[in-house]
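To start, the structure itself, in structure tokens.
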């Protein structure tokens with residue numbers, strides 16, 4: 001059987017990383033989401049934002065606070081805390097695709113949570129970088145979900161996820177070329193027109209780069225965001241992972257991103273697998289990533305921050321404590337006005353290599 | 001420009017999904033493929049282009065395999081990890097994922113097992129693996145099907161008896177009727193019980209017994225109902241008469257037609273009581289969204 005010779009005996013394929021877990025795609029695919037409700041959260045007025053473009057960071061980018069990814073395993077405890085008004089975080093983020101379903105428990109719970117706190121839609125399958133046509137049915141489903149949730153913003157990834165209608169369910173990097181910038185920016189523009197709102201695009205962790213690259217990843221990300229007039233979801237862990245994998249200086253990256261484009265930050269844990277770092281979302285945020293986060297916050301000020309955790313998911317309390325740590329770091333950092341403040345010394349305690 | 005980008009994406013896709021891995025695929029495709037990859041993906045002191053692409057190739061397979069295992073837990077238990085792994089490999093070759101959501105990764109697995117020419121090794125030992133896949137996918141479908149209000153016992157009781165003969169049932173959408181050759185729901189029940197008790201057991205006697213029973217099933221006629229009520233997905237085997245009545249009602253025929261069928265099966269004397277018992281059961285199970293005097297095509301769609 002070909003599969004047995006191939007996938008099943010994968011030792012040695014990746015030095016030091018046999019049968020490694022796949023990188024996180026944050027698709028906690030579990031069977032658990034109801035009916036439309038209206039919600040009292042501030043919403044990005046897309047039309048206004050687009051007319052005012054370039055460059056108006058939504059107010060929620062600096063005021064939304066600290067959140068975690070909503071995962072079905074945590075539904076019971078979250079509902080309990082919501083009922084008791086003891087939610088210690090400010091917002092949740094959902095994987096859009098997991099809630100683009102007709103009905104059932106996950107949608108009902110989403111509505112309930114959404115009636116208390118803002119929920120951001122974060123997708124993994126918009127396939128912005130592909131040469132396939134945009135998936136109209138997908139965008140229709142996403143627009144319906146956005147109408148239902150009324151999120152501060154909608155985000156997806158700067159990557160391609162499939163071609164010729166074959167979905168690879170992964171976030172593959174794009175060649176950093178001027179032509180790719182035009183191609184992707186045009187598609188983002190059409191998505192924004194379809195959704196009638198600006199979106200934010202996230203930098204992905206990458207494990208390969210292309211010989212055709214003409215610019216750095218941060219130049220590529222910035223050029224697309226500016227040409228498409230969209231926001232950026234800056235994943236600090238992804239920057240750290242890709243910097244290691246491709247030998248660039250992560251600080252150059254985070255210092256170069258235009259502040260007014262940064263709607264949100266992601267933090268997550270990663271794994272060491274042979275010579276590479278893999279974005280597995282199965283650990284606490286590592287010390288080095290906290291340091292990089294501090295550098296970003298000290299530069300751009302308060303920014304919506306979210307903890308992602310998608311594999312070996314811990315108790316809700318552990319996940320929440322990571323978000324509260326981010327809040328504490330930011331408050332201390334901004335109070336001192338200096339990323340090198342003594343407070344930052346405690347962040348390494350949470351990391352592990 | 002998109003020509004260059006689409007060429008790049010197709011080249012990488014071909015290697016990522018190659019069932020034996022990137023290195024083997026390159027070897028199979030020969031020197032031009034190796035050269036093309038080197039011209040596309042950067043190699044460095046850290047890792048070769050092939051090694052880097054393997055990260056994506058492994059992720060592609062294992063992510064979908066894990067998703068399938070999540071949706072087809074009893075099938076995985078019945079086949080064992082190695083065979084399930086090979087099933088996933090063969091399935092992905094035959095039916096590459098096309099839907100943007102992993103939720104649909106397993107939408108053709110049952111079809112694959114029961115009908116695809118490369119799935120012969122997975123159709124036996126034990127028999128009924130295709131049926132088990134059908135059942136488990138129906139459970140997935142019922143889980144997040146559209147919501148609908150269902151009728152109460154009092155609402156049914158308030159209907160004028162004179163109207164019943166012409167009324168047609170409107171069922172809620174989270175309902176799937178299956179006709180299987182093997183009573184595989186009994187195995188899924190054992191698997192569900194084991195999952196509730198201990199999702200990662202070292203050894204489970206009850207599941208072992210259920211596996212032995214699964215291997216002994218004789219081919220037959222086993223109608224099954226899968227439905228969701230109060231956010232809980234349930235399934236049960238149906239007696240042939242109930243299955244036929246449900247099919248009559250699902251087809252949009254009237255209650256009178258259903259009663260005529262019942263009378264032919266159980267006799268005029270027993271038919272009314274039998275019909276009342278079915279009604280009570282379907283209402284209690286949360287299957288009935290409403291009753292209508294209109295033909296089904298005139299009933300408003302689900303919201």
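The values are calculated or read from the model by the stated rules, or taken from the named source; none is laboratory data. Given the structure is predicted, the values throughout are model-derived calculations rather than measurements. Neighbour counts run over all protein chains shown; Cβ positions are idealised from the backbone, glycine included.
Here is how the numbers come out for the structure above:
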| quantity | calculated |
| --- | --- |
| Unique residue being more than 9 Å from every other protein chain (Cβ to nearest Cβ) and more than 16 Å from residue A:208 (Cβ to Cβ) when the list is A:171, A:139, A:158 | A:139 |
| Residues that are farther than 14 Å from residue B:139 by Cβ and within 13 Å of the chain's Cα centre (by Cα), drawn from the range B:70-113 | B:104, B:105, B:108, B:111, B:112, B:113 |
| Single condition residue B:195 does not satisfy, out of (1) surrounded by fewer than 20 Cβ atoms within 10 Å (Cβ to Cβ); (2) modelled with pLDDT of 95 or more; (3) within 14 Å of chain A (Cβ to nearest Cβ) | (2) |
| Conditions (1) buried (at least 21 other Cβ atoms within 10 Å of the Cβ); (2) at the interface with chain B (Cβ under 7 Å from one of its Cβ atoms); (3) over 21 Å from residue B:96 (Cβ atoms); number of the one not met by residue A:181 | (2) |
| Looking only at the range B:87-116, and only at residues there that are part of a loop (DSSP other than H, G, I, E, B) and more than 7 Å from chain A (Cβ to nearest Cβ), the one that is farthest from residue B:134 (Cα to Cα) | B:95 |
| Test: residue in the range B:269-282 that is more than 14 Å from chain A (Cβ to nearest Cβ), under 24 Å from residue A:104 (Cβ atoms) and out of contact with any strand residue (DSSP E or B) (no Cβ under 8 Å at 6 or more places or on another chain) | yes |
| Restricting the range A:313-353 to residues that are assigned to a loop (DSSP other than H, G, I, E, B) and at pLDDT below 95, the residue that is nearest to the chain's Cα centre (by Cα) | A:351 |
| Strands (runs of 3 or more DSSP E) contained in the range B:174-292 and holding at least 2 residues over 21 Å from residue B:74 (Cβ atoms) | B:288-292 |
| So residue B:121, is it within 23 Å of residue B:61 (Cα to Cα), within 11 Å of another protein chain (Cβ to nearest Cβ) and in contact with a strand residue (DSSP E or B) (Cβ under 7 Å, 6 or more places away or on another chain) | no |
